[in-house]
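Here the structure comes first, spelled out in C-alpha cells, and everything after it is commentary.
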Amino acid sequence: MGKTFRISVNSRFYIFIPVLFCYIGFTRTFVVEKNKNIGSIKKALAMCKNGDTIIVMPGTYREGNLIIDKSIYFLGKDYPVLDGQKKFEIVSIKASKVVISGFKVQHSGYATLDDPGAIKVYDGRDVIISNNILEDNFFGIYIQYGRHCVIKNNRIVAFGIEEQHIGNGIHCWKSDSLQIIGNSVSGHRDGIYFEFVTNSLIWKNTSTKNIRYGLHFMFSNNDSYISNFFKNNGAGVAVMFTHKVKMINNVFEENWGDAAYGLMLKEISDSYISGNRFKKNTTGIYMEGTSRIIVEKNVFESNGWGMKIQASCMDNEIRSNNFIGNTFDISTNGDVVLNSFNGNYWDKYQGYDLDKNNIGDVPYHPLSLFSVIVEQNPPTMLLYRSFMITLLDKSEKIAPSLTPDNFLDKTPLMHSLNL
Amino acid sequence: MKRIAKIVGTDILRNRIVVVYTLILACLSWSVFALEDNSSKGLLTLLNIILLTVPLVSVIFSTIYIYNSQEFIELLLSQPVQRKTIWRSLFYGLSLSLSISFFIGAGLPILIFSPADIAWMMVLMGCAISIIFAALAMLSSIFTRDKARGIGIAIVLWLMFSLLFDGLLMFLSFQFAEYPIEKPMVAIVALNPIDLARILILLHLDVSAMMGQTGAIFKNFFGTHVGIATTFSILGLWVIVPYKISLKRFEQKDL
C-alpha cells in the first residue's frame, strides 16, 4: 500500500523536472559583490532582463537612485546596506512583478516636493517587498498606483522629531488590493498611511511611537485591518471619509494627549469594529459624522473616555462590549440620541438582576452628568470626584433632567463578557 | 509643654468618640478593600470617605473638645505656664491624636492593600486634612464663647470647603467659560485644602481623566515636583495661618 503511494509521488515529480529546467533555462542570476565581476548593483540592473534574479552580497552600496524597470527578483544576502546618503530616493520600482527582499535600506533623501522614499513603487502590479530593514528614511515604503502588491515583514524605523520633517512609514496612494502584513513601523509621521486605497488588507502589523497617527486612513473603501497593534502614537489611529472598513482584533494602547484618540472615526459609514482592545487611551473611540457602524465585542479598559460619540453620528450600534475602569464610559455633545446601545457590560452599573438571566433589570444611563458638563466646559475637570459632583451625578442618575433620558442601554449585562 | 500635649493626646485617644471614629474608619476601609476586587476602585471609594468624613469629624470633634476643656485650660492658666504653650500643646495633642486614629483606622488597610506611592500620598493627605481641620476648629472655637455658635461655625466651614466651594468654582467656570481659565482655576483651587488634597491624590490614582484636554495643564502644575512642593507648602499654610490667628486671639483673650 505504502509502496504504490511512493511511486505515484515519484512519477509526478519526474513530470515536473523538465518544466523546472525550462524555467531555469530562460532566466539568469547575477551576483553582485564588491571587487568581483559585477561590483555594482547598477551594472547588474542594466544587464538583467525580465524574470532574472539579482543577488546582492553583504556590503554597503552607495549608488544613488536604483531604478528597477524590469520584472526581476532583487534579493539581498545577509542584509546588504543600500545607502541613500540623505540625498537620493534609494530604490524606485517602475515595473510589475518585482520582488525585493532582504535589504537594509537607509538614509534616504529629504524633499517635500517629490517625497523620496526608501523603496518607492510607481504604477506597479504584483510587487512584493518583504523582509527588509528600513532605517532613518524620509518615507519608508511608498506605493502609488500599485495593484496587488504585498508588503510583508519589513522593519521600518525612523527617528523623526517634527511632523513636517519626516514622512510616513508605509505610504500607499491610489492603489488597490494591497496586502500589508507583519510589518513594524516606528518613529515616522504616520506609521501606515492609506489614501484612495481600496480592497486592501492590513494584517498583524505593529505601529508604535509614530509622531502623528499609527494608522491614517482616508478615502479608502472596502479595506480591512486585522490583528494590528498600535501603541503610543502621537494621536492614535485615524480613519476618515471612508466606508465599508472592517477593524477586527486590533489593539489600541496608550495614546495619550490633548487630541489623541485610540481610534478616531470621522465621516465613516457601513463599517464593522469588533474584537478590539482599547486600553489606557485618553479617548478610546472618537466618532464624528459616522453612520451605520457596528461596534461589538470590544474591550474599553482604563481610558479617560471610553467612547466620545458626537451628535453628528447616527444609526450606530454599540453592543456586547466591555466597559471597565474608564473615567467616563460615554460622552456626547448633543441631546439627540440616534445610536443604540445594547447588551454591554458597564462596570459602573449598579442595577440588579432578579430573574438571574445575566441582564440587569434596570436600564443603564452610560452618560453621566459630569461628562456632559466637562464636554461643555473642560476646565471643570478639576472638580472630578468632588463630593458635589458625586451628588449631582447621583441625583441625575435617579431622575435624568439635563442628560437625554433615552440615552441608555436597556439590556446591560451583570457580568463582563469573556473577550 | 510636652507633658501637657501628652495629657491632652492620651485624653483624646481614650475618648469614646475617637475610638468609635477609628473603629468606623477601620471597618469601612477593611470592608471596602475586601469587597472590591481591584484596589484602585477601593481607593476611590475611600477617597470619598477621607474627603468627607475626616474633615467633618476633625473639625467638629476638635471644636467640642476645646469647649469642653475650658475648665482644664483655666486650671492650667492659673499655673505658671505660658498661654502660648497651653494653646500649642492643645493643638499638638488634637492633631496628633486625630492623625493617629486616622492612620490606624484607614491608613493601615490602605498601606496594606494598595501600591506604595498612592497609599503614602493618601495617608499623608488624610493626616494633613485632619491637622488642617483641627487648626480650623481652634480658630472657630476661639471666636465665640458660645459653644453652639462655635460648633455652628465649624460645620459651616466644613460645608463650605467640601460642598459650597466646588459649587462656586463650577459657577465661576461657567461664567468665564469664554476665557482661558485653566490657570486661574488652579490658583483658586489652592483656597480649598480638600480640593488640593483630592487633586493630588487623583493625579496619583486616576491619571486617565486628568490627562484629557485640560488635564495637561493641571498635570503640568500638580504633577511636577515644583507643583507637589507648592501644594504641600500651601497645605502647610492652611495649618499655620488659622493656628497662628487663633493663637494670637488666645493670647489676648480675657478668659
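Taking 26 Å as the straight-line reach from the Cα of A:LYS42, the lysines in range (excluding those fewer than 8 positions away in the same chain) are A:LYS34, A:LYS70, A:LYS77, A:LYS86, A:LYS87, A:LYS94, A:LYS97, A:LYS104, A:LYS120, A:LYS152.
Its relative contact order, with pairs defined as Cα atoms under 8 Å and 6+ residues apart, puts segment A:130-245 at 21 percent. The amide H of A:ILE151, built 1.01 Å from its N in the peptide plane, has A:ILE129, A:GLN179, A:ILE180, A:ILE181 as neighbours under 5 Å, considering only residues 5 or more places off or on other chains. Taking the Cα centre of the protein assembly as shown as origin and assigning +1 to Lys and Arg Cβ atoms and -1 to Asp and Glu Cβ atoms, the resulting dipole is close to 1980 debye. When chain B is treated as a Gaussian network with alpha carbon springs shorter than 10 Å, the biggest mean-square fluctuation among B:ALA34, B:ALA119, B:ALA137 belongs to B:ALA34.
Database remark: amide H of A:ARG125 closer than 5 angstrom to the amide H of A:SER96, A:LYS97, A:ARG147 (H placed geometrically; neighbours at sequence offset of 5 or more, or on other chains; Pro and chain starts carry no H). What is the distance in Å between the Cα centroid of segment A:340-371 and that of segment B:1-78? Computed from Cα coordinates, the inter-centre distance equals 38 Å.
Against the longest alpha carbon principal axis of chain B, how many degrees, from 0 to 90 and to the nearest 10, is the axis of helix B:116-143 turned? Taking Cα atoms only, the helix is inclined about 40 degrees. Ordering A:ILE293, A:PHE138, B:ILE151 by Cα displacement along the dipole of the protein assembly as shown toward the positive end leaves A:PHE138 in first place; charges were set at the Cβ atoms of Lys, Arg (+1) and Asp, Glu (-1). Spin-label model, A:VAL362/A:LEU417: points 7 Å from Cα along the beta carbon direction are separated by 2.4 nm.
Find the relative contact order for segment A:289-419 and round it to a whole percent, using C-alpha pairs within less than 8 Å whose residues are 6+ positions apart. It comes to 27 percent, rounded to a whole number.
In the structure shown, the pairs B:LYS6/B:LYS244; A:LYS174/A:LYS266; A:LYS244/B:LYS41 are assessed against 31 Å; a Cα-Cα span above that value is assigned to A:LYS244/B:LYS41. Give, as a single signed number, the net charge of other residues whose beta carbon lies under 14 Å from the beta carbon of A:ASN316, with Lys and Arg counted +1 and Asp and Glu -1. Cβ neighbours under 14 Å give a net charge of -3. Past the 27 angstrom mark, what percentage of all C-alpha to C-alpha distances in chain B do you count? Cα-Cα pairs in chain B separated by more than 27 Å: 40 percent.
For the protein assembly as shown, the 222 nm mean residue ellipticity estimated from helices alone, with every DSSP H stretch of n ≥ 4 adding -39500 (n - 2.57) and the total spread over all residues, rounds to -12500 deg cm²/dmol.
For a Förster distance of 22 Å, can you work out the FRET efficiency between the beta-carbons of B:ASN220 and A:GLU163, rounded to the nearest 0.05?
The computed FRET efficiency comes out at 0.55.
With the dipole of segment B:2-252 worked out from charges on the C-beta (+1 for Lys and Arg, -1 for Asp and Glu) around the Cα centre, which of B:VAL59, B:THR10, B:GLY223 lies farthest toward the positive end? Going by the charge dipole, the pick is B:THR10. With a sphere of radius 14 Å drawn around the Cβ of B:LEU191, what net charge do the other residues whose Cβ falls strictly inside it have (Lys, Arg +1; Asp, Glu -1)? Summing Lys and Arg as +1 and Asp and Glu as -1 gives -1. Measure nothing fancy, just the Cα-based angle from helix A:387-398's long axis to the longest principal axis of chain A, in degrees from 0 to 90, nearest 10. Roughly 80 degrees, rounded to the nearest 10. Below 8 Å, C-alpha to C-alpha, sequence gap of six or more: please give me the relative contact order for segment B:2-252 in percent. Relative CO of segment B:2-252 lands at 25 percent. Residue by residue, segment B:28-43 carries 3J(HN,Hα) couplings of 4, 5, 4, 5, 4, 5, 6, 7, 6, 7, 10, 5, 5, 5, x, 4 Hz when phi is fed to the Karplus relation 6.51 cos²θ - 1.76 cosθ + 1.60 (θ = phi - 60°); x denotes Gly or Pro.
Counting only Cα atoms, chain A measures 85, 65, 29 Å along its principal axes, largest extent leading.
Let me make sure I get this right: for segment B:97-228, a, b and c are the square roots of the gyration tensor eigenvalues over alpha carbons, sorted descending. Under 1.5 in a/c it's rounded, otherwise prolate if a/b > b/c, else oblate. Which is it? Verdict is oblate for segment B:97-228. For segment A:78-94, 3J(HN,Hα) computed residue by residue from phi via the Karplus equation (6.51, -1.76, 1.60; θ = phi - 60°) reads 6, 6, x, 9, 9, 10, x, 6, 6, 10, 10, 6, 8, 10, 10, 9, 10 Hz, glycine and proline entered as x.
Using R0 = 25 Å, the C-beta based FRET efficiency linking B:PHE232 and B:LYS183 works out to 0.80. Taking label positions 7 Å along the Cα-Cβ direction at both B:PHE72 and A:LYS42, the computed distance is 9.7 nm, reported to one decimal. Using 1/(1 + (r/R0)^6) with R0 = 35 angstrom and r between the beta carbons of B:LEU56 and B:PHE174, what's the FRET efficiency to the nearest 0.05? My answer for the efficiency is 0.80.
A simple spin-label model places the labels of A:VAL99 and B:ILE155 8.6 nm from each other, with each point 7 Å out along Cα-to-Cβ. Excluding residues on the same chain fewer than 8 positions from B:LYS147, give the aspartates and glutamates whose Cα lies under 15 Å from its Cα. Straight-line reach from B:LYS147, under 15 Å: B:GLU71. Other residues within the sphere of radius under 13 Å centred on the Cβ of B:PHE221, judged by their own Cβ, net out at +1 (K and R +1, D and E -1).
Alpha carbon centre of segment A:218-246 versus segment A:184-207: separation in Å? Answer, in whole Å: 8.
Every number here is computed from the coordinates shown, using simple stated rules; none is lab data. Just so it is clear, the model here is predicted, and its values are computed rather than measured. Using ideal geometry, Cβ is built from the backbone for each residue, glycine included, and neighbour counts are taken over all protein chains shown.
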